[in-house]
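Okay, so here's the structure we're looking at.
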Amino acid sequence: MGSVYGTESPMYRESLVSIAFLMVLQSNLPAQTLPQAPQHPHKITQNSTTRNDPFFWLRDRKNPDTLKYLNAENQYTEAVMKPVAALQQKLYQEMRGRIQEADTSVPYQIDQYDYYDRTETGKQYGIYCRKARTPGSGEGPEEVILDGNQLAEGWKYFHLGALGVSRNHHLLAYSTDTSGSEKFLLRIKDLTSDKLLPDTIKNTAASIAWANDSRTLFYLQLDDANRPYRLFRHVLGQDPKKDTLLFEEKDQRFELSLEKSRSRGFIFLVSESETTTEVRYLDADDPAGDFRVLSPRTQGVLYQVDHSGDRFFIVTNDQAENFKIVTAPVSNPDHQNWTDFAPYDPKEPVDALEAFAHYLAVLVRRNGLPAIKVYDLDSGTSRYVDLQEPTYDVDFGDNPSFDTTQLRLEFSSLITPRSVIDVDLETGAETVKKRTPVLGGFSTEDYTEERVFATAGDGTKIPISLFYRKGLVKDGSAPIALEGYGAYGITEDADFDANHLCLADRGFVVALAHIRGGGEYGQTWYHAGRLLNKKNTFTDFIACAEYLLQEKYGSPKKLAIAGASAGGLLMGTVMNLRPDLFTTVIAGVPFVDVLNTMSDPSLPLTVTEYEEWGNPSDPTYFGYIRSYSPYDNVVDKPYPNLFVTAGLNDSRVSYWEPAKWVAKQRALTHQDRLVLLKTNLGAGHMGQSGRFDRLNELAAEYAFILKTFGMAEQKP
């Protein structure tokens, strides 16, 4: 359900009008290429939240008219885009041409093996490999432990979920999804014989953990709402039907996940809602033992755990809205024994930590940007890793080794491709192990990155990261592509995207709005854009768009905005609020039927997200959500051009949300614009799974922007 406002729209009580007829009026295409829709809604049992919704029938995927309608919309999209098919192909070739198709990741060491993955020219999926370190003779031959291309053969969609090697390195547990529904099939491969074991487990989450005996595997199963809710223990050779159920999370607000400490000492079972955490821990050497509660759940208290020596290191918001670090003794880690590791600093939010034998690496935020702080556990000293660009993204890389003096980071910025950097924890020295190649003559010297600030209506400064080709003249003529998300406390940092070069090289200013609802300034920033503060997210985004125009970064006639999932909700809402401000909107798998979805607890994620959006059974939240829900606030007025995507197997944002949203707009009269819906009938929330197929989807969106800007014939 993600990755608004105004007055309530009139209820649609009349029967469904002929969508095909309306589209004939707004298009020069032959009528047979346009979607056809039934003349009236089908009889479907409705609850009170549907409010006589004439498009409710689209929820019934078993109704042949539903698939017929979605196919008709796809055909219409194809017909409208046909004149720019050559442009779409050109964009696709540009994107693909920047990829070094045969590439290898930087290896990371676990015991006597170096693990890495690589890609091959023309192939869509990764190949996972290792090489043994042989004493005295160096590196051994490559061993392919899993080839995603082979697993994907014969499937239209393929996604690799969990991937974990046993403690003795003899077994590989992995899971796959071949529909996009995010229901994974778990298998185990014997790496010594290169054969699959008969152990096969269906309906699992993409989260597993091996015990240290290399015979016991812990996994999670999904309920009917796709929520990971049950923990099972599987012993090799045992019939999965006889696996032991160890824990069931009965509170539907909570989801389970599994983690293993870098020390290999403990397995953690994390039960977490949007606002509350409870962690259980198990001695990894005692797989038949019991998971013990580290600290019982307390409403509003979040925490995450790692281990080193005789202490658990914990990041928590307990009496610290923007999180702090505490420690707890392994012998008795209950909350009463938590001790502050470092003083709480609300201006330096803590995002995550990684514990090593002698060091603690912490991901913090400083002035809205990510930063890495390293503590020496022996000396008690600390220092920051030096990061010098004005706007960027940094995170932990692969750090499986516990007793090490090396920290691996992944760094990129709008002009710096993804870089793998090893930091010497003793000296602070940084070594760039690899910078992702960008082909096609790319040079960072040809582009500019900037960080500017818009002012929201309440005076809050909203950061915007900008990327454009050097030589831009700020005279208000350039096209703009503005992206946003702003939900779940997720930070949208300014990382490198080679695909943006297609836009920048055509004169675009590419902008990323760091709006409230995200986590750029910690939980304070997040809380200012959720629940009854959600509208700040939308007005922040509008303020960012207005700032770019006021400062002459680009043209008010060529302003495109884009967002997906919860970012699609953002698109739908700001489109309702300020349809005059935007030229073109790209809404990917958009969460736009917020009120209906949040009123239906049978749908995946609804109950778990009451703490993000609010529960409409409360009249206060019902009215607030209804005031911004994009679907409920569509009115008969001119809107921007619109390109919408959906996934038939999407378990996060059901396909009918974008389908209903588009159908409702088809019934409007003031529609001198293009409205397209592309439903992926063989995938889910993430779209196509192959790395090249994804590029083709993005090329279509870029081609639509250029078409609606009158730039389809322009040469880059």
### Query
Can you pull out the residues in region 244-261 that are crowded, with 19+ Cβ neighbours inside 10 Å and more than 14 Å from residue 291 (Cα to Cα)?
254, 255, 261
#### Entry: Selection count where residues are surrounded by fewer than 18 Cβ atoms within 10 Å (Cβ to Cβ) and farther than 25 Å from residue 264 by Cα, scope region 140-178
11
### Message
Can you tell me which condition residue 263 does not meet? The list is (1) among the hydroxyl-bearing types (Ser, Thr, Tyr); (2) assigned to a strand (DSSP E or B); (3) under 30 Å from residue 404 (Cβ atoms), and all the others hold.
### Response
(2)
### Message
Go through region 365-395 and report how many residues are crowded, with 16+ Cβ neighbours inside 10 Å and over 24 Å from residue 448 (Cα atoms).
### Response
5
### Message
Please count how many residues of region 488-506 are within 18 Å of residue 391 (Cβ to Cβ), part of a loop (DSSP other than H, G, I, E, B) and in contact with a strand residue (DSSP E or B) (Cβ under 8 Å, 6 or more places away or on another chain).
### Response
7
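So, in region 637-650, how many residues would count as being within 21 Å of the chain's Cα centre (by Cα), part of a loop (DSSP other than H, G, I, E, B) and either among the small types (Gly, Ala, Ser) or surrounded by fewer than 22 Cβ atoms within 10 Å (Cβ to Cβ) (or both)? Step through it out loud before you land on a result.
Looking only at region 637-650, we keep the residues that are within 21 Å of the chain's Cα centre (by Cα), and these are 643-650.
Among the residues that remain, those that are also part of a loop (DSSP other than H, G, I, E, B) are: 648-650.
Those left that are additionally either among the small types (Gly, Ala, Ser) or surrounded by fewer than 22 Cβ atoms within 10 Å (Cβ to Cβ) (or both): 648-649.
The number of residues fulfilling the criteria is 2.
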#### Entry: Residues of region 333-350 that turn out to be closer than 13 Å to residue 313 by Cα and either surrounded by 18 or more Cβ atoms within 10 Å (Cβ to Cβ) or out of contact with any Asp or Glu (no Cβ under 9 Å at 6 or more places or on another chain) (or both), as a count
9
### Query
Quick check: is even one residue across region 412-420 surrounded by 15 or more Cβ atoms within 10 Å (Cβ to Cβ), among the aliphatic types (A, V, I, L, M), in contact with a Leu (Cβ under 9 Å, 6 or more places away or on another chain) and farther than 23 Å from residue 519 by Cα?
yes
### Summary
Going through region 643-701 in order, the residues found to be within 19 Å of residue 576 (Cα to Cα) and acidic (Asp, Glu) are 657, 672
### Query
residue 387: of a type in the set (A, V, I, L, M) and at pLDDT below 95, yes or no?
yes
### Message
With the requirement that a residue be assigned to a strand (DSSP E or B) and over 20 Å from the mean Cα position of the chain (by Cα), what does region 382-402 give you?
### Response
382, 383, 384
### Message
Going by what's in this entry, would residue 524 be described as surrounded by fewer than 24 Cβ atoms within 10 Å (Cβ to Cβ) and either assigned to a helix (DSSP H, G or I) or of a type in the set (Lys, Arg) (or both)?
### Response
yes
## Note on the structure
By my count, strands (runs of 3 or more DSSP E) wholly in region 110-207 with at least 1 residues that are modelled with pLDDT of 95 or more, under 27 Å from the mean Cα position of the chain (by Cα) and polar (S, T, N, Q) are 113-119, 171-177
### Summary
The helices (runs of 4 or more DSSP H) lying entirely within region 577-636 that contain at least 1 residues which are surrounded by 22 or more Cβ atoms within 10 Å (Cβ to Cβ) and among the aromatic types (Phe, Trp, Tyr) are 610-613, 619-628
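This table checks each residue for (1) at pLDDT below 95; (2) under 19 Å from the mean Cα position of the chain (by Cα); (3) among the small types (Gly, Ala, Ser).
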residue: 539; (1), (2), (3): no, no, no
residue: 543; (1), (2), (3): no, no, yes
residue: 570; (1), (2), (3): no, yes, no
residue: 573; (1), (2), (3): no, no, no
residue: 581; (1), (2), (3): no, no, no
### Hits in region 216-228 - residues which are crowded, with 17+ Cβ neighbours inside 10 Å and in contact with a strand residue (DSSP E or B) (Cβ under 6 Å, 6 or more places away or on another chain)
216, 217, 218, 219, 220, 221, 222, 227, 228
### Task
Could you tell me whether any residue of region 541-554 is buried (at least 21 other Cβ atoms within 10 Å of the Cβ), in the same structural domain as residue 592 (by TED's automatic domain parsing) and more than 21 Å from residue 459 (Cα to Cα)?
yes
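The values are calculated or read from the model by the stated rules, or taken from the named source; none is laboratory data. Values in this document were obtained by computation on a predicted structure and should not be read as measured data. Counting neighbours? That spans all protein chains shown, and the Cβs are built from the backbone with ideal geometry, glycine included.
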